[in-house]
1. What trypsin sites (Lys or Arg not before Pro) in the stretch 96-146 are in a loop by DSSP, with at most 12 other Cβ atoms within 10 Å of the Cβ?
2. Could I have the simple spin-label model distance between E20 and D72, label points 7 Å from Cα toward Cβ, reported in nm to one decimal?
3. Go through the stretch 88-94 residue by residue and turn each phi into a ³J(HN,Hα) via Karplus (6.51, -1.76, 1.60, θ = phi - 60°); whole Hz please, and just put x for glycine and proline.
4. What list do you get for S43, S143 if you sort them by fewest beta carbons within 10 Å?
5. Step through the residues of the stretch 103-109 one at a time and calculate ³J(HN,Hα) from phi using the Karplus curve (6.51 cos²θ - 1.76 cosθ + 1.60, θ = phi - 60°), rounding each to whole Hz and writing x for Gly and Pro.
6. What are the residues whose amide H is under 5 Å from the amide H of K68, where those residues sit 5 or more places off or on another chain and H is modelled from the backbone?
7. Step through the residues of the stretch 11-23 one at a time and calculate ³J(HN,Hα) from phi using the Karplus curve (6.51 cos²θ - 1.76 cosθ + 1.60, θ = phi - 60°), rounding each to whole Hz and writing x for Gly and Pro.
8. Looking at this model, which pairs from K22/K71; K71/K134; K68/K90 are more than 23 angstrom apart at the alpha-carbon?
Amino acid sequence: MSDNGAIDIIAMIEDEFGVERKVLERMGLELDIRKNGRIYARSIQCSSVLCDKLRKVGGYKQVFYFGKLEKDGFRPSMDACALLGPFATKNILEIGDEDVVRWLQGQDIEGDAVGYVIIRWRNFFVGCGKGNGKVIRNFVPKSRRI
């Protein structure tokens, strides 16, 4: 992980979602915090030959949006939720079939969670929301809604 503040992000991810540090380190991601609080990740385990081949077929993005540092915590992106979700032990909100349709349409859903949660439908991690104890605010980007 990068030395430019990524250690704090790892601690936040551990605290908020229960993902162990050793799991995060094994993912082999270098995290880069930009001035606006946006965090980008890139794989440091991909060999340059493999990465070049994957880039040619559009199967590898060198850098991807990982999330954002907010005043009240770390808000993971949809891609980060997909990576972190299987290892998260807390702040996971399981939703049903009706809620997942509304969620993927960009609508907020009812829920008693407080703070940032990773949303799971069946075995799929479908994004991050922020709960206030009554409603889970939707952060699915417009470009990924159905």
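1. Values: sites: R102, R120, R122, K130, K134, R137, K142, R144, R145; in loops: R122, K134, R145.
Those satisfying the criteria are R122, K134, R145.
2. 3.1
3. For the stretch 88-94, the Karplus curve yields 6, 10, 8, 6, 10, 10, 7 Hz.
4. Details: S43 15, S143 5.
Exposure proxy ranking, most exposed first: S143, S43.
5. With the stated coefficients, the stretch 103-109 comes to 4, 6, 8, x, 8, 6, 10 Hz.
6. Answer set, sorted by chain and number: I39, R75, S77.
7. So the J values, rounded to whole Hz, are 4, 5, 5, 4, 5, 6, 10, x, 7, 5, 4, 5, 5.
8. Values: K22/K71 26 Å; K71/K134 21 Å; K68/K90 19 Å.
Exceeds cut-off: K22/K71.
Just so you know, all these numbers are worked out from the coordinates, no wet-lab data involved. Bear in mind that the values here come from a model prediction, so they are computed numbers and not experimental data. Here the Cβ is made from the backbone with ideal geometry for all residues, glycine too, and neighbour counts use every protein chain on show.
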